[in-house]
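Below is one structure, written out as structure tokens; comments come after it.
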Amino acid sequence: MKVISVNNLTKTFGTFTAVDNISFEVTKGEIFGFLGANGAGKTTAIRMLCGLSKPTSGTGMVAGFNIETESEKVKASIGYMSQKFSLYEDLKVWENIRLYAGIYGVPEKNISAKIDQHLQTLGFEKERETLVKALPLGWKQKLSFSIAIVHDPKIVFLDEPTGGVDPVTRRQFWELIYQAANRGITIFVTTHYMDEAEYCDRVSIMVDGKIEALDSPKNLKNKYSSKNMDEVFQRLARKASRDAD
Amino acid sequence: MKFFSASQEKLREMPIDMRQFLIFIKKEFYHITRDKWTMAVLLLLPILMLLLFGYAITTEVKNTRLAVYDPSHDKATEAIINKLQANDYFILSQILTEPNEIEKVFQEGDIGLVIVFGERFYENIMHTGEAQIQLITDGTDPNTATTLTNYAMNIISSYRLEILTTNNIPFQIVPNIKLLYNPQMKGAFNFVPGVMGMILMLICAMMTSISIAREKEMGTMEILLVSPMKPIFIILSKAVPYFVISIVNLTTILLISVFIMGVPIAGSFFWLITLSLIYIFLSLALGLLISAIVDSQLIALLISGMALMIPIIFLSGMMFPVENMPIGLRIISEILPAKWYIVAVKNLMIKGLGFSSIINELLMLSGMTIFFLAISLKKFKIRLE
Amino acid sequence: MKAISVNNIYRNYGDVEALIDISFEVEQGEIFGIIGPDGAGKTTLFRILTTLLLADKGSATVDGCDVIKDFKLIRNRVGYMPGRFSLYLDLTVEENLNFFATVFNTTIEENYYLIEDIYKQLEPFKDRRASALSGGMKQKLALCCSLIHKPTVLFLDEPTTGVDPVSRKELWEMLKKLKQQGISILVSTPYMDEAEMCDRIALIQNGNFLKIDTPKNIVNQFDNILWALSSNRMYDLLNDLRNHPKIKSCYAFGDSHHITISTDNFLLNDLNIFLNEKGHKDIEISPIKASIEDCFMQLTN
């Protein structure tokens, strides 16, 4: 089943084409790595997919809804987490989960079970009453992720979720991603850690607004005869000629 | 490069401090001029405030509906009623026949002032020299009430003056200070000094502190501190652009007041400018003090808004008379720089008094400037904390 | 004379100990890396050395100058690029550079050779406001600005955070060239794979230095047996390996999982049999040399 399907999606700002005619599909439960250099057009593309910005041309369906005409329905069926965590620092861990469950419309009777379930998955039972600002960065990122999927969205967008997180917590974070994917949640993730690109089922690499490559990490490494994803990325993105965000 | 263009050679010969200072000021002007909205607000704010206070929020009262209860019906009462009607302030709307109607007309809400004459009014004036007259207004709005009664009293006493002169009998008049210096009772007369006190403080203190806090927030302060530039120069060059804008604003305010609102500069122009410059320095010093204490633009805004603007509006005597306030608020009023500035500007501009009338204020403001400058220099941090 | 010398620096913020008795030295012309995650104390260390913060205890010198007594001298000599982008977003590329050149009492022309390589990439955008640059370009501009006065010691606090792999590589190539000019560089990064670009590194976690050495020596000191594994079901593989009693640690490492073994008498073949029983296919197991990240994780656990 296709959770995202994008056809000839384009976004221009004046004479500048930020996203240039991209097409791809993402299937249910897939971990899809959306890579690209700074300024390649990733952020613009993600904004369109989340229904936050209208495409100049082309069509896109996310979670079964048209991103242009049904953007509100798109927003209700996705989760989103950015590098800057959206948690309330002066609320406790459980209060943050409670709050977002309410915002995303989780039925009232399920909420307390949801809180327990998420605290358990995170291994945060002891931190239930802790203020978020007292948590280390990596823990906050894990909590943010949990909150982004608190309403069981069909797809969750993660924008550089592990920047600056220590190596151990970074791996725990990816285990959370695996668990969510196993439950059928589709993961759409951007990262600058190329080892993390290896964890993805498929990876796309954007260069100058176009998708230059899209395949599994294994096939990409074969195709570009590289020993790891970092080499693949260097080969493709070195060709970039422009600069803009 | 472009930054220096033709004058580059000349600049290179300057002492390094001077070059740093100049390019810093240039940078500040880029920040201000490239932020079109802030720039527009800074330059239009004084105009807007003057027009707003001068015309819209004025306490000047026109066309108030008047009711009269006149049991005497003699030539004195008629003359007073005619005089009241004869100007812009009052319109005679009802003649009451019963005293108990008074409360009713207030409840109906149309009437702003009721005048109750005593019985045998004219006879009493002629024989005992004393006649009863009562002015009743709605006390829920004390400012308007005071203004209304002042107007009416003024008119009544002018009648009394006529009577007494024609009868050639010695008389007494209790002068009303407020009316003496503002005979046409123009609201703008009172607000121009207030707006000056507010605008200059706003531009200097608020904008300077916000702009320094922005450097801290953006992280550029870190780089500037780790540079050969003397920290005190960073701060001083921040103050220069706002000093310039304040001068522009001062000019705008004075031009509008004199040529559009018809408020004269009755006293010494030289001392008015000197006084204003001292007040600008004082405000800049306050801005520097705030920026030394806070690290974020929001807090800089709140502190300068709460601690500087609100007291100026409510406690400087610009809008509300301070004399009627509780002792605590009167003390706060005494330590507000704006209060001293506004009083002195009123003396110079409107009352047309000379230098001797503002010596106290001048000394007070100069003292405060030195005081705040000293603290802010002492508080200034050469490190991040 | 050492470029940087730090003796028992201690600093806390209330209850939080940001740096706990840190000592190290940086040689002239050396690239010294401070490697560790966010919140480990890297920024506090940089601010103390750039005279922006005072340590609670301990002493330090930069280019022979005491960070407290001679702070003015240090401010004249060093270059500093803070962690977050800290240039003027409403000034153009060229205006930013010119401003900092003047503040540092020099001109762009005077030290142009130092920044030439990076500035060439920026030149097409020199009239563009800094706010309109991409993350990688902003960092390059910030580096130019911190170099324009030819500092003796360069402090770069996380110059590559949030920057794509290509721009990161370019920044590191640039640092190598600066080293050849005799500039000593203290650089911090949360990316472990950048450690090998440094002459020496310190691994930092929770305000403590775990180790100071060359990247090579740190890797050689890794004293566990380390294997890399992959199979057709990577996530299950991770869980199966974790449940094996003889496996001490197991972490995902890109296309393989890295495990350390607790006893010597556990053979590669034993593990192969165990995983076959669990139903894994395409099993690949090979002994490998540790990376800095392996070392970091071993030291923090």
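Would you tally the residues in the range A:145-167 being within 12 Å of another protein chain (Cβ to nearest Cβ), within 15 Å of the chain's Cα centre (by Cα) and surrounded by fewer than 24 Cβ atoms within 10 Å (Cβ to Cβ)? Total satisfying the criteria: 3. Checked across the range C:168-184, the condition of being within 21 Å of C:Arg47 (Cβ to Cβ), in contact (Cβ under 8 Å) with a residue 24 or more places away in the chain and within 11 Å of another protein chain (Cβ to nearest Cβ) holds for no residue.
Among the residues that make up the range B:214-224, is at least one of them in contact (Cβ under 8 Å) with a residue 60 or more places away in the chain and away from chain C (no Cβ under 14 Å)? No.
Residues checked against (1) more than 22 Å from C:Asp236 (Cα to Cα); (2) at the interface with another protein chain (Cβ under 8 Å from one of its Cβ atoms):
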{"site": "A:Gly138", "(1), (2)": "yes, yes"}
{"site": "A:Thr169", "(1), (2)": "no, yes"}
{"site": "A:Gln172", "(1), (2)": "no, no"}
{"site": "A:Ile177", "(1), (2)": "no, no"}
{"site": "A:Arg183", "(1), (2)": "no, no"}
{"site": "A:Cys200", "(1), (2)": "no, no"}
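Among the listed residues A:Val165, A:Val232, which satisfies the condition of being more than 18 Å from A:Gly79 (Cβ to Cβ) and part of a helix (DSSP H, G or I)? After applying the criteria, what remains is A:Val232.
Consider the range A:105-120 and keep the residues that are among the polar types (S, T, N, Q) and more than 24 Å from the chain's Cα centre (by Cα). The one that is nearest to A:Asp152 (Cα to Cα) is A:Asn110.
Of the listed requirements (1) modelled with pLDDT of 90 or more; (2) within 16 Å of the chain's Cα centre (by Cα); (3) within 14 Å of chain C (Cβ to nearest Cβ), A:Leu131 misses just one: (2). Taking the criterion of being within 14 Å of chain C (Cβ to nearest Cβ), in contact with a Leu (Cβ under 8 Å, 6 or more places away or on another chain) and not acidic (Asp, Glu), the residues of the range B:329-385 that qualify are B:Ile382, B:Arg383, B:Leu384. Selection within the range A:202-218: residues that are within 20 Å of A:Ile4 (Cβ to Cβ) and not in a strand (DSSP E or B). The member of this set that is farthest from the other protein chains (Cβ to nearest Cβ) is A:Gly209.
Return a yes/no flag: does the range C:99-117 have any residue that is farther than 28 Å from B:Leu22 by Cα and assigned by TED's automatic domain parsing to the domain that holds C:Ser184. Steps first, please.
Of the residues in the range C:99-117, the ones farther than 28 Å from B:Leu22 by Cα are C:117.
Filter once more, so that each one left must be assigned by TED's automatic domain parsing to the domain that holds C:Ser184: C:117.
Within the range C:99-117, one or more residues are farther than 28 Å from B:Leu22 by Cα and assigned by TED's automatic domain parsing to the domain that holds C:Ser184.
From C:Asn272, C:Asn217, grab the single residue that is loosely packed, with under 13 Cβ neighbours inside 10 Å, at pLDDT 90 or above, over 30 Å from C:Asn12 (Cβ atoms) and not β-branched (Val, Ile, Thr). Step by step, each of C:Asn272, C:Asn217 is checked, and only C:Asn217 is loosely packed, with under 13 Cβ neighbours inside 10 Å, at pLDDT 90 or above, over 30 Å from C:Asn12 (Cβ atoms) and not β-branched (Val, Ile, Thr). Being more than 29 Å from A:Asp208 (Cβ to Cβ), modelled with pLDDT under 95 and not hydroxyl-bearing (Ser, Thr, Tyr): is that true of A:Arg47 here? No; evaluated as a whole, the condition is false for this residue. Of the residues making up the range C:112-149, those that are assigned to a loop (DSSP other than H, G, I, E, B) and under 26 Å from the mean Cα position of the chain (by Cα) number 4. Take the conditions part of a helix (DSSP H, G or I), at pLDDT 85 or above and of a type in the set (Phe, Trp, Tyr) and apply them to B:Phe371. Does it pass? For B:Phe371, the condition - part of a helix (DSSP H, G or I), at pLDDT 85 or above and of a type in the set (Phe, Trp, Tyr) - is met.
Among the hydroxyl-bearing types (Ser, Thr, Tyr) and crowded, with 23+ Cβ neighbours inside 10 Å: does that describe C:Tyr80? Yes, satisfied. Determine whether the range A:212-235 contains at least one residue that is touching a Lys or Arg at 6+ places or on another chain (Cβ under 6 Å), hydroxyl-bearing (Ser, Thr, Tyr) and within 27 Å of A:Gly138 (Cβ to Cβ). No. Can you tell me which residue within the range C:150-167, out of those that are closer than 19 Å to A:Thr191 by Cβ and not acidic (Asp, Glu), is farthest from the other protein chains (Cβ to nearest Cβ)? The residue in question is C:Pro159.
Looking at B:Tyr279, is it at pLDDT 90 or above, within 17 Å of the chain's Cα centre (by Cα), assigned to a helix (DSSP H, G or I) and on the phi < 0 side of the Ramachandran plot?
On the way: at pLDDT 90 or above: yes; within 17 Å of the chain's Cα centre (by Cα): yes; assigned to a helix (DSSP H, G or I): yes; on the phi < 0 side of the Ramachandran plot: yes.
Yes; evaluated as a whole, the condition is true for this residue.
Closer than 30 Å to C:Thr160 by Cα and within 14 Å of chain A (Cβ to nearest Cβ) - does that describe any residue in the range C:268-288? Yes, there is a match, as at least one residue in the range C:268-288 is closer than 30 Å to C:Thr160 by Cα and within 14 Å of chain A (Cβ to nearest Cβ).
Total residues in the range C:100-109 satisfying the condition of being within 7 Å of chain B (Cβ to nearest Cβ) and either closer than 17 Å to C:Lys120 by Cα or surrounded by fewer than 23 Cβ atoms within 10 Å (Cβ to Cβ) (or both): the figure is 2.
Would you point out the residue of the range B:363-385, among those that are under 15 Å from B:Ala338 (Cα atoms) and buried (at least 17 other Cβ atoms within 10 Å of the Cβ), that is farthest from the chain's Cα centre (by Cα)? Applying the filter and picking the extreme gives B:Phe372.
Restricted to the range C:180-204, and to residues that are charged (D, E, K, R) and modelled with pLDDT of 95 or more, which residue is surrounded by the most Cβ atoms within 10 Å (Cβ to Cβ)?
Within the range C:180-204, the subset charged (D, E, K, R) is C:193-194, C:196, C:199-200.
Pick out the ones that are also modelled with pLDDT of 95 or more and you get C:199-200.
Details: C:Asp199: 15, C:Arg200: 20.
Ranking the candidates gives C:Arg200 first.
Given C:Ala18, C:Ala40, C:Ala60, C:Ala55, which one is within 14 Å of chain A (Cβ to nearest Cβ), touching a residue at least 12 places away in the same chain (Cβ under 8 Å), of a type in the set (A, V, I, L, M, F, W, C) and in contact with a helix residue (DSSP H, G or I) (Cβ under 9 Å, 6 or more places away or on another chain)? Don't jump to the end; show me each part of the working.
On the way: C:Ala40 fails: in contact with a helix residue (DSSP H, G or I) (Cβ under 9 Å, 6 or more places away or on another chain); C:Ala60 fails: within 14 Å of chain A (Cβ to nearest Cβ); C:Ala55 fails: within 14 Å of chain A (Cβ to nearest Cβ).
So the residue among C:Ala18, C:Ala40, C:Ala60, C:Ala55 that is within 14 Å of chain A (Cβ to nearest Cβ), touching a residue at least 12 places away in the same chain (Cβ under 8 Å), of a type in the set (A, V, I, L, M, F, W, C) and in contact with a helix residue (DSSP H, G or I) (Cβ under 9 Å, 6 or more places away or on another chain) is C:Ala18.
Collect the residues in the range B:209-247 that are touching a Pro at 6+ places or on another chain (Cβ under 9 Å) and closer than 13 Å to B:Leu288 by Cβ, keeping them in residue-number order. If the condition is that a residue be touching a Pro at 6+ places or on another chain (Cβ under 9 Å) and closer than 13 Å to B:Leu288 by Cβ, then B:Ser211 is the only one that fits. Entry remark, the range C:185-203: residues being more than 10 Å from the chain's Cα centre (by Cα) and within 11 Å of chain A (Cβ to nearest Cβ) number 0 in total.
Are any of the residues in the range B:309-321 modelled with pLDDT under 90 and within 15 Å of B:Leu365 (Cβ to Cβ)? If you could, list the steps in order and put the result at the bottom.
First pass over the range B:309-321, keeping only residues modelled with pLDDT under 90: B:309-321.
Add one more test, that the residue is within 15 Å of B:Leu365 (Cβ to Cβ), and what stays is B:312, B:316.
There is at least one residue in the range B:309-321 that is modelled with pLDDT under 90 and within 15 Å of B:Leu365 (Cβ to Cβ).
Please determine whether any residue of the range A:32-51 is part of a strand (DSSP E or B), away from chain C (no Cβ under 14 Å) and either closer than 22 Å to A:Asn182 by Cα or among the polar types (S, T, N, Q) (or both).
If we filter the range A:32-51 for residues that are part of a strand (DSSP E or B), which is where we start, we get A:32-36.
Within this subset, residues satisfying the condition of being away from chain C (no Cβ under 14 Å) are A:32.
Retained after the next criterion (residues that are either closer than 22 Å to A:Asn182 by Cα or among the polar types (S, T, N, Q) (or both)): A:32.
The answer is yes; a qualifying residue exists.
Please work out which residue is farthest from the other protein chains (Cβ to nearest Cβ), limiting yourself to the range A:185-196 and to residues that are assigned to a strand (DSSP E or B) and under 24 Å from A:Lys114 (Cβ atoms). Here the answer is A:Phe188. When C:Ile273, C:Ile225 are screened for being under 28 Å from A:Lys218 (Cα atoms), without any contact (Cβ under 8 Å) to a residue 12 or more places away in the chain and hydrophobic (A, V, I, L, M, F, W, C), only C:Ile273 passes. Scanning the range C:242-274 for residues that are within 24 Å of A:Leu176 (Cβ to Cβ) and aliphatic (A, V, I, L, M), which turns out farthest from the chain's Cα centre (by Cα)? Within the range C:242-274, the match that is farthest from the chain's Cα centre (by Cα) is C:Ile247.
The values are calculated or read from the model by the stated rules, or taken from the named source; none is laboratory data. Computed from a prediction, not measured in an experiment: that's the story for all the values here. FYI the Cβ positions are ideal-geometry reconstructions off the backbone, even for glycines, and counts take in every protein chain you see.
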